[in-house]
1. Return the percentage of antiparallel bridges among DSSP beta bridges fully within the chain, rounded to the nearest 5 %.
2. If you average 1/r over every pair of different alpha-carbon atoms in the chain and take one over that average, what Kirkwood value in Å do you get?
3. Taking amide H atoms as placed 1.01 Å from N in the peptide plane, list the residues 5 or more away in sequence, or in a different chain, whose amide H sits under 5 Å from that of T24.
4. If the viscosity is 0.692 mPa s and the temperature 37 °C, what translational diffusion coefficient in µm²/s does Stokes-Einstein give for the stretch 31-86 when Rh comes from Kirkwood over Cα pairs?
5. Please tell me the relative contact order of the stretch 1-58 in percent, rounded to the nearest whole number, where contacts are Cα pairs under 8 Å and at least six residues apart.
6. Would you mind checking the tilt of helix 29-39 against the longest principal axis of the Cα atoms of the chain, expressed as 0 to 90 degrees and rounded to 10?
7. Which order do peptides 31-38, 53-60, 76-83 fall in by mean Cβ count within 10 Å, highest first?
8. To the nearest 20 debye, what is the magnitude of the charge dipole of the chain about its Cα centre, counting +1 on the Cβ of each Lys and Arg and -1 on the Cβ of each Asp and Glu?
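Throughout, read-outs are computed from the coordinates displayed, never taken from laboratory work. What you see is a predicted model; the values in this text were computed from it and never measured. Neighbour counts run over all protein chains shown; Cβ positions are idealised from the backbone, glycine included.
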Amino acid sequence: MNPVLTTGELAKQLCAARPTVIVTAQPAADKTTEIADAAGIAHRFVIGEAAGFRPFAELTGPGEPVPRPVLDPRTAVAALPFSAAPPAWPRASC
């Protein structure tokens, strides 16, 4: 997420992208909570510790190998960049 954007601008982008999970760093947890609430994102992870977030370390158990996801490369999205020139709202670049 671009830290320069306001909470409203970021929420608008996330509503358009419809993510199901959000991962943030501890210093950005408060802003991320507001954004995730506005965008309806229930699955929240944090690198570090923050109220309302599950630790990122929960995604793998201690000493366990990282699971290899089974994804269809035609439909799986790893990143969805947004861009726009002022005064337009950012749009997903698909």
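1. 20 percent
2. In the chain this quantity evaluates to 14.9 Å.
3. F45, V46, I47
4. Diffusion coefficient, whole number: 227 µm²/s.
5. Once normalised by length, the contact order is 32 percent.
6. Taking Cα atoms only, the helix is inclined about 70 degrees.
7. Numbers: 31-38: 18.9, 53-60: 13.0, 76-83: 10.4.
So the order, starting with the most tightly packed, is 31-38, 53-60, 76-83.
8. Value, rounded to 20: 340 debye.
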